[in-house]
Amino acid sequence: MSYPTAETLGAAGLDLAVDGPVLTVTLSRPDVRNAQTPAMWRALAAVGAAVEDDVRVVVVRGAGASFSAGLDRAMLSPAGIEGETSFPEMASGTVEDFDATVAAYQEGFTWLRDPRFVSIALVQGHAVGAGFQLALACDLRIVAEDAQFCMKEPALGLVPDLTGTKPLVEAVGYARALEICATARWVPAEEATRLGLALETVALDGLDARLAELVAALTAAPHGAVSATKALLQSAGDLDLAAQSRAERRAQHGRFRAVLAAMGGAR
């Protein structure tokens, strides 16, 4: 499967660039602070379905001053966005239809957790609602000093539904996650880093340099070892010690065979 065409991506508000083992996805609607639409989510899912095995790092970033201001509010109006089912229309349908529609939207986020690569959100300016959840879908978050996160959905009478609740709790704990969501307050870059929500805070003009350093470090170890380690870490929170230990043994067996094969000594 190949990546969507530049025209298709552009119509959805995305840009795509491949540089060796690094795939960069840029939200490219800077005039509306990279507000997200169902078309964008479908395009993100299509990119995820086409990622090749030689990609080792996926970077998600926003064009302009903000990472993403969240949902395009036009979706909340009865008129909606041309060619899309508006949220009022979705809400008036069956729960089964609503579930299927949102599940398809979520696919634009879940692919970023694929163990084959490490995903990095490079966040500047606002990351609100769907923007916050897109950043949370990535394994790592590097934030500029001006970055601010906000889970706006509860303030609008809604809940976060783009796969952001689990990684938020994993990053900051249940109590802090509840406080951040229920109050819909802004979380500035320094606090985000202190809470473990972000890996680190850097100067805005230093984002690209820090990204380059991190990518170099992430791609230094063998690809298979990093992928297997990511998969193990993902399972650690859900498995008991015995099951996780067994998963480690199975993963290590595969890695020993791969290392020996590379050395010409596989049996």
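From the list ALA63, ALA17, ALA79, ALA46, which residue is surrounded by 20 or more Cβ atoms within 10 Å (Cβ to Cβ) and aliphatic (A, V, I, L, M)?
It is ALA46.
What do you reckon, is ALA242 closer than 25 Å to VAL57 by Cα and either out of contact with any Leu (no Cβ under 7 Å at 6 or more places or on another chain) or of a type in the set (A, V, I, L, M, F, W, C) (or both)?
No.
Return yes or no: is THR110 under 30 Å from ALA220 (Cβ atoms) and of a type in the set (Ser, Thr, Tyr)?
yes
So if I check each of ALA236, ALA243, ALA251, ALA212, which one is closer than 24 Å to PHE109 by Cα, among the hydrophobic types (A, V, I, L, M, F, W, C) and not assigned by TED's automatic domain parsing to the domain that holds GLY131?
Answer to the selection: ALA236.
Just the residues that are within 12 Å of VAL123 (Cβ to Cβ) and either outside any loop (DSSP other than H, G, I, E, B) or modelled with pLDDT under 95 (or both), please, taken from segment 177-209.
Those that are within 12 Å of VAL123 (Cβ to Cβ) and either outside any loop (DSSP other than H, G, I, E, B) or modelled with pLDDT under 95 (or both): VAL187, PRO188, ALA189, ALA192, THR193, GLU200, THR201, VAL202, LEU204, LEU207.
Can you pull out every residue in segment 1-49 that is in contact (Cβ under 8 Å) with a residue 60 or more places away in the chain and part of a helix (DSSP H, G or I)?
PRO38, MET40, TRP41, ARG42, ALA43, LEU44, ALA45, VAL47, GLY48, ALA49
ASP72 - would you say it is of a type in the set (Asp, Glu), surrounded by 21 or more Cβ atoms within 10 Å (Cβ to Cβ) and in the same structural domain as PRO154 (by TED's automatic domain parsing)?
yes
The values are calculated or read from the model by the stated rules, or taken from the named source; none is laboratory data. Computed from a predicted model, the values in this text were never measured in an experiment. Here the Cβ is made from the backbone with ideal geometry for all residues, glycine too, and neighbour counts use every protein chain on show.
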